[in-house]
Amino acid sequence: MMLPKKIIGLALGVTLWVGGISAAFCALQRYSVADGAARPPSDKTAAFFAAHRQHGRPLLVMAVHPLCPCTDASLDELGDLLARSHGACDALLLQYQPLEGTPDWPVDTALRKLGGVGVKVVLDQGGKIAAEFGAETSGHVVFMDANGIIRFHGGLTIARGHHGRSQSQDAILEILGGGRPVLASAPVFGCALESECTPTNTR
């Protein structure tokens, strides 16, 4: 038979263990729904769109960090959007690259994850171009319609690393169909573009 002190110690240990698990779970939940920094695109994006957009064609630009584990979900959403648009929209990836390049830094990771079909990649050293788009977080998109008007900016996922259709995707598709959705911006869920991400998160 256990002594009272041992029973109390065991109960206290179990309580602390359960409390620790609960705290970790709550922290993970808060992290998954914590959006990253984002700003509206600046007027400087006009020159970039003029250089990369085909006249009369909508173009969606997505800034990505190739080593961010959340980028996979953003690329999945982009791929799904392009498939659902049936060729009505072009896409371009701004792939972040450090100012001081490293020998093993991936240069085609994002394109490989997306499949590379109909998508261009611009290597963005130091995130300078992304900054003009207001993008500070991986997964940030800016969408310009066929008339050359920016109609949407923000993220395509509803949480960090979350796969599945979002209101952002539906809003862009509605614009492509000639509609005027209420949603014009959305939070971006991902790593900071200038963050240090581990290569083990790539595939």
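To keep it simple, each residue is scored yes or no on (1) at pLDDT below 90; (2) touching a Lys or Arg at 6+ places or on another chain (Cβ under 7 Å); (3) basic (Lys, Arg); (4) surrounded by fewer than 20 Cβ atoms within 10 Å (Cβ to Cβ).
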| residue | (1), (2), (3), (4) |
| --- | --- |
| Cys26 | yes, no, no, yes |
| Ser32 | yes, yes, no, yes |
| Ala37 | yes, no, no, yes |
| Lys44 | no, no, yes, yes |
| His55 | no, no, no, yes |
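Name the residue that is modelled with the lowest pLDDT, counting only residues in segment 185-196 that are among the small types (Gly, Ala, Ser) and in a loop (DSSP other than H, G, I, E, B). Break it down stepwise before answering.
Going through segment 185-196, the residues among the small types (Gly, Ala, Ser) turn out to be 185-186, 190, 192, 195.
Remaining after also requiring in a loop (DSSP other than H, G, I, E, B): 190, 195.
Working: Gly190: 91, Ser195: 74.
So, considering only residues that are among the small types (Gly, Ala, Ser) and in a loop (DSSP other than H, G, I, E, B), the one modelled with the lowest pLDDT is Ser195.
Taking segment 77-121, which residues are among the aromatic types (Phe, Trp, Tyr) and at pLDDT below 80? Outline the logic, then answer.
The first filter runs over segment 77-121 and keeps only residues among the aromatic types (Phe, Trp, Tyr), leaving 96, 105.
Trp105 - this is the single residue of segment 77-121 that is among the aromatic types (Phe, Trp, Tyr) and at pLDDT below 80.
Restricting to segment 155-184, what's the tally of residues that are surrounded by fewer than 24 Cβ atoms within 10 Å (Cβ to Cβ) and either in a strand (DSSP E or B) or more than 15 Å from the chain's Cα centre (by Cα) (or both)?
Of the residues in that region, 14 qualify.
Look through segment 143-167, keep the residues that are closer than 26 Å to Lys128 by Cα and in contact with an Asp or Glu (Cβ under 8 Å, 6 or more places away or on another chain), and return whichever of them is modelled with the lowest pLDDT.
Taking the candidates together, the pick is Gly161.
Only residues that are modelled with pLDDT under 95 and in a loop (DSSP other than H, G, I, E, B): list them for segment 57-69, please.
His65, Pro66, Leu67, Cys68, Pro69
The values are calculated or read from the model by the stated rules, or taken from the named source; none is laboratory data. What you see is a predicted model; the values in this text were computed from it and never measured. Here the Cβ is made from the backbone with ideal geometry for all residues, glycine too, and neighbour counts use every protein chain on show.
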